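Readers should treat all values here as calculations from the given coordinates under stated rules, not as data from a laboratory. Computed from a predicted structure; not experimentally measured. Note that each Cβ is placed from the backbone with ideal geometry, even for glycine, and that neighbours are counted across all protein chains shown.
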Amino acid sequence: MSTPLRLKELSKKEDLLTGGHRLCSGCGAPIIVRQVLLAAEVPVVAANATGCLEVSTSIFPYTAWKIPWIHSAFENAAATISGVEAMYKALKRKGKIDRKIKFIAFGGDGGTYDIGFQSLSGAMERGHDIVYICYDNGAYMNTGIQRSSATPLGANTTTSPAGSVIPGKLQPRKNLTKIMAAHGIPYVAQTTPAHWRDLMTKVRKALDVDGPAFINVLASCNRGWRTPTNTTIQDTKLAVETCYWPLYEYENGRLKINYKPKEKKPIVEFLKTQGRFKHLFSPGNEHILEKIQELVDAEWEALLREESLYSEEG
C-alpha cells in the first residue's frame, strides 16, 4: 500500500538526482526525474538512453545519479533494462537476492518515439516488469533541435526550418501514448512535471503493477521551444489547459481522464508562448493554426468519447 503523497514527508526524502549537473536552467527533464525518484518507495535501477539527460548528468568523472544507473545507446534503453530485470528474476529464483527492486528506463522522444521504438515495443510485448518513462521535449534537442516524430505540426526546427519553402514541420506529432496503450500492457499514462501529484501518483501505480508500464511526460526545453528559462511549469500547465497534452491513464486497458479543464483554452495560448511557433502568427499561416486546433480538438473529443464508453459499461 503506497504512502500518501504529502509534500512535508516528500521534502524529507533524499534527492536521488543531485544538483550540479549540466542540464540547462529551466529544463523539464531533471524536474521529472526528481519527481519520479521521490515517488519510488522501493529501490530502483535505471537505464538511460543517450540524450540530454544522459550526457548532462554523467560527464566523466562525475555523476548526478545516486541510484544504480546504466547508460545505454540511443536505441536500446528498453532492451538494456529488460536484461537487468531478467537477471534480477534469475537471481531471485536461485535465492541469491530476496529484496524487491524495480526497474526504470528514461529516454527522450528521439530515443523513444523514433530510434528506440523497436526496443521499447519489444520489451512491452515480452511483458518485462519495467517502467519506461519518456521525457518528451518534442525534438532531438541534444544534437541540434532536429525534428522528431514527437515534434508538433508547424514547429520550427533545424531540419524543418520555417521559411519560404516550408512553414515548419509539415506533419502532426505521433501519439505514442495511444500506441503504447494498444500494446495491451497493464499501465499507460500521460502527465507533466507541472502536475506533480498526478505524475507521482502515476509513477507509483506504474511501479506497483506486475508487468510493463509506460509513462509519457511533457518536458519543456527552453532552447528548442524558444521560451524563457523560468516558465517550465507555466508552459506545461498551458499544454494541459489547452488539451494539447491531456492528463489520462489506462489501467488494464480502461481509460480514465484525470483532468478536464473547466474552460478549455484555445491552442494559440500554448503556441504563442514559444518562439518555435512565432512564424505561425504571421499573415498567411492562419490555416496552420486552424489545423493545429482541429487536431487538438479531435484528439480531445476522441478521449472523451472513449471514456464515456467505459462509463456506460459501468
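Structure above, values below:
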read-out	value
Distance (nanometres) between label positions extended 7 Å along Cα→Cβ at Val55 and Ser121	2.7
Residue-wise HN-Hα coupling along the stretch 135-152, computed from phi with Karplus coefficients 6.51, -1.76, 1.60 (Hz; x: Gly, Pro)	9, 9, 9, x, 4, 7, 5, 5, 10, x, 6, 7, 5, 10, 6, 8, 5, x
Paired Rg and Dmax values of the chain, which use every Cα atom, in angstrom	19.3, 69
Magnitude of the charge dipole, the chain, Cβ model with Lys/Arg +1 and Asp/Glu -1, debye to 20	940
Under 11 Å, Cβ to Cβ, from Phe117 - net charge with Lys/Arg +1 and Asp/Glu -1	-2
Derived scalar couplings ³J(HN,Hα) [the stretch 170-181; Karplus, 6.51 cos²θ - 1.76 cosθ + 1.60; whole Hz; x for Gly, Pro]	8, 10, x, 6, 6, 9, 5, 4, 5, 4, 5, 4
Amide H contacts of Tyr248 (H built 1.01 Å from N, under 5 Å, at least 5 apart or other chain)	Gln190, Asn258
Most mobile listed residue (Lys13, Lys260, Lys272) in the chain, GNM with C-alpha springs under 10 Å	Lys13
Choice from Leu37, Leu199, Leu170 showing the highest fluctuation, given a GNM over the chain with Cα pairs closer than 10 Å	Leu170
Within the stretch 7-313, percent of DSSP bridges classed antiparallel, to nearest 5	30
Full-extension gain in nm, Tyr310 to Val209, via 0.36 nm per residue minus C-alpha separation	34.2 nm
Helix 286-313 axis, angle to the chain major axis (alpha carbon atoms, nearest 10°)	40
Contour excess over end-to-end distance, with Cα ends at Lys272 and Glu41 and 0.36 nm allotted per residue	79.2 nm
C-alpha center-to-center spacing [the stretch 212-277, the stretch 158-210] in angstrom	9
Inter-probe distance in nm under a simple model that places probes 7 Å from Cα toward Cβ, at Lys96 and Arg6	4.1
Relative contact order %, the chain, counting alpha carbon pairs below 8 Å whose residues are six or more apart	16
Reachable lysines from Lys174, criterion Cα separation under 18 angstrom, eight or more residues apart if same chain	Lys291
Ordering of 135-143, 56-64, 155-163 by burial proxy (mean other Cβ atoms within 10 Å per residue, highest first)	135-143, 155-163, 56-64
Cut-off 15 Å between beta-carbons: net charge of the residues surrounding Ala73, Lys and Arg +1, Asp and Glu -1	-3
Candidates His279, His287, His195: whichever shows maximal mean-square fluctuation once the chain is modelled as a Gaussian network with Cα springs under 10 Å	His287
Contact order normalised by residue count of the stretch 203-314, Cα under 8 Å, 6+ apart, percent	22
Karplus-derived 3J(HN,Hα), 6.51/-1.76/1.60, for each residue of the stretch 266-282, Hz, glycine and proline x	x, 4, 4, 5, 7, 5, 6, 7, 10, x, 5, 10, 4, 5, 5, 9, 8
Simple label model, 7 Å out from Cα along Cβ direction - Glu14 to Lys262, nm	4.3
Amide H within-cut-off set for Asp136, under 5 Å, with H built and near neighbours excluded	Val217, Leu218, Ala219
